[in-house]
Every structure is written in structure tokens, then in C-alpha cells.
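The values are calculated or read from the model by the stated rules, or taken from the named source; none is laboratory data. Since the model is a prediction, treat every value here as computed from it, not as a measurement. Here Cβ is always computed from backbone atoms with ideal geometry, including for glycine, and neighbour counts include all displayed protein chains. Each accessible area value is taken on the protein alone, full model and side chains, heavy atoms only, with ligands, DNA and RNA left out. Shrake-Rupley method; radii C 1.70, N 1.55, O 1.52, S 1.80 Å.
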Amino acid sequence: MRSSRARASRTRSARERYGPGVLPRLRDAYLEPWTGDGRTTAELRRAVGLAWRLGAIGRACSWGRLFPGASDDAGGAESARWLLELFTEPPL
């Protein structure tokens with residue numbers, strides 16, 4: 001969960017320093033180079049949301065592979081925490 005907490009901290013810091021609209025602006029600036037190939041900004045924004053959720057699934061699945069000796073309770077709880085991200089909107 002460390003990377004999730006770190007990401008949340010960076011997100012919060014950026015909002016506090018530059019205002020609530022900074023994250024969508026950063027996202028759009030990052031995605032802009034890919035709009036020249038016929039993809040719309042709306043399509044790319046949708047892809048960001050899908051990628052966010054796919055990342056949560058990947059982290060949940062990898063937990064058991066990375067820590068095979070961890071107790072089932074701890075591993076299951078950690079996987080469940082990652083899967084909870086499926087129900088959250090990306091902060092962007």
C-alpha cells in the first residue's frame with residue numbers, strides 16, 4: 001500500500017499548492033501527444049480510468065506471488081485493499 005499512500009500524498013500536495021484543477025490539467029498535458037493519431041481527448045481520458053482499475057487488479061494479483069510465505073489472512077487483506085481501488089475514481 002506504500003505506493004498508493006505516496007500517490008495520495010503527492011496528489012494532495014499538488015492540489016494544495018496549485019488548486020483543485022491542477023490534476024486534470026496535468027493529465028491532459030500528459031495525454032496531449034497521443035491525440036495526433038486520431039484519438040480524442042475523451043477516449044484517452046477513458047483509457048486513464050480503465051488503466052487505473054487494471055493497475056489495482058494487477059497489484060492485487062501480484063501480492064501472493066511476491067510474498068508467497070505471507071499468511072493467508074495478511075495476503076488476502078492486502079489484496080482486498082488493492083481491489084477496493086476498483087470502486088474509486090482516479091484522482092485525475
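Note that the chain presents 72 Å² accessible area per residue, ligands and nucleic acids not counted, probe 1.4 Å.
Against the chain, whose longest principal axis is taken from its Cα atoms, helix 2-18 shows a tilt of about 30°. Rounded to the nearest angstrom and listed largest first, the equivalent-ellipsoid semi-axes of the chain from its Cα gyration tensor are 30, 17, 9.
Once every DSSP H run of n ≥ 4 in the chain is given -39500 (n - 2.57) and the sum is divided by its residues, what mean residue ellipticity at 222 nm do you get, rounded to the nearest 500 deg cm²/dmol?
The helix contribution divided over the chain gives -23500 deg cm²/dmol.
Using only the alpha-carbon atoms, how far is helix 72-83 inclined from the longest principal axis of the chain? Give it as 0 to 90 degrees, nearest 10. Approximately 10 degrees, to the nearest 10. Count Lys and Arg as plus one, Asp and Glu as minus one, and take only other residues whose Cβ is under 15 Å from that of Arg45; the net charge is then +1. When you restrict to C-alpha pairs under 8 Å that are six or more residues apart and normalise by the size of the chain, the relative contact order lands at 31 percent.
Counting protein heavy atoms only, the chain has 59 percent of its accessible area on carbon and sulfur, 1.4 angstrom probe.
Rounded to the nearest 10 degrees, the angle from helix 41-66 to the longest Cα principal axis of the chain is 20 degrees.
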